[in-house]
Ligand SMILES: N[C@@H](CCC(=O)N[C@@H](CS)C(=O)NCC(=O)O)C(=O)O
């Protein structure tokens, strides 16, 4: 049995899948594709994912892309250490949270990264920067309300892995543009504590985008 996981450093979709693979303890080989070198558009990779995007997996010759589909597949193929709760309504809530992360948190984090990381200070638009900060902070307030225990939807699982990379992007924005206004200290206390719990997981360090470490 061999599973290859194709990822790009800094892709929140890939980070979610990486955390899910680690959670389930599935053995895999990680293959990093460089966006700068257009590795996602080589004929070899397009044969695996014709859309030329990461994440993708190759599981014993079976190719799959789209992060949510990959995770649902992993959950069914490798049922040990579940990512989703058993109860049908609780599962629906987790799936809703994944969609909310991929739609709303993702939009907030993209706006932040655009202003704080990809533009120079001179190019930043103060109005767009303020909107980006508000979007993220509003999403964090929503997430904080879900934190009635240690994790977003009961036990540690998919809801946490879907939201974490986008929330961590806010800190990335602040690290790259100190004073931008989305530092961890500005986040709700419940979110800060939850980030700490994710980052204390024994496999967390392996999943950090490699180019952040360098
Ligand atoms: N809906 C897809 C989104 C995947 C995606 O957009 N990946 C980006 C990186 S975050 C990518 O591979 N971009 C490469 C490119 O556009 O060339 C998923 O959930 O997997």
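Key figures for this structure:
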{"read-out": "Residues 203, 78, 13, 73 arranged by fewest to most Cβ contacts within 10 Å", "value": "203, 73, 78, 13"}
{"read-out": "Spin-label pair residue 189/residue 125, simplified geometry with 7 Å Cα→Cβ offset, distance in nm", "value": "3.7 nm"}
{"read-out": "Rg(Cα)/(2.2 N^0.38 Å) for region 3-77, N = residue count", "value": "1.00"}
{"read-out": "Fewest-first ranking of 9, 109, using other Cβ atoms within 10 Å as the exposure measure", "value": "9, 109"}
{"read-out": "Long-range Cα-Cα pairs in region 1-128 (distance over 25 Å), rounded percent", "value": "35 percent"}
{"read-out": "Relative pair counts by distance (%), Cα atoms of region 88-213, 10 Å bins", "value": "13, 44, 33, 9, 1, 0"}
{"read-out": "Contact order normalised by residue count of the chain, Cα under 8 Å, 6+ apart, percent", "value": "23 percent"}
{"read-out": "Stokes-Einstein D (µm²/s) once Rh is taken as the Kirkwood radius of region 97-157 over alpha-carbon pairs, at 37 °C in 0.692 mPa s", "value": "259 µm²/s"}
{"read-out": "Normalised contact order of region 3-77, rounded percent, pairs of Cα under 8 Å and 6 or more residues apart", "value": "36 percent"}
{"read-out": "Ellipsoid equivalent to the chain - semi-axes via the Cα gyration tensor, in Å", "value": "28, 23, 14"}
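Bear in mind these aren't lab numbers, they're just calculated from the coordinates by the rules spelled out. Values in this document were obtained by computation on a predicted structure and should not be read as measured data. In this analysis, Cβ positions are derived from the backbone assuming ideal geometry, glycine residues included, and neighbour counts consider all displayed protein chains.
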